[in-house]
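Quick one: this structure, given as structure tokens, is what I'll be asking you about.
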């Protein structure tokens, strides 16, 4: 039986998820308790498994596909 590697801060989603929620709350993008609860519980990184956890919780669009010319053709929406 193999032991999984220890979870590091870099790969643990709760810290960047909390940081993003705090940032969006402070900037007025989160305006209701229900939306705040969703941001604090929804696992955004599961919608972009190909990017690092820190990238998944950045306040930005996450490209998921590119057109042959390099333009973004699909993405996870910016959280705000």
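We did not get these values from a lab; they are worked out from the coordinates using the rules stated. Note that this is a predicted model, so its numbers are computed, not measured. Note that we place each Cβ from the backbone using ideal geometry, even for glycine, and neighbour counts take in every protein chain shown.
At a 10 Å Cβ-Cβ cut-off, how would you order 41, 15, fewest neighbours first?
Ranked by crowding around the Cβ, least crowded first: 41, 15.
Next question. Semi-axes, largest first, in whole Å: what does sqrt of 5 times each Cα gyration tensor eigenvalue give for the chain?
Value: 22, 22, 9 Å, ordered largest first.
Calculated from DSSP H runs of 4 or more alone, at -39500 (n - 2.57) each and per residue, what is the 222 nm mean residue ellipticity of the chain, nearest 500? Kindly include the intermediate steps, with their values, before the conclusion.
Values: 3 runs with 26 residues, N = 80.
Helices in the chain give a 222 nm mean residue ellipticity of -9000 deg cm²/dmol.
Something else about it: For a footprinting-style exposure proxy, rank 77, 18 by other Cβ within 10 Å, fewest first.
77, 18
Tell me, 12, 36 in order of fewest to most beta-carbon neighbours within 10 Å? Each step should come with its number before you reach the end.
On the way: 12 12, 36 15.
Least to most surrounded, the residues fall as 12, 36.
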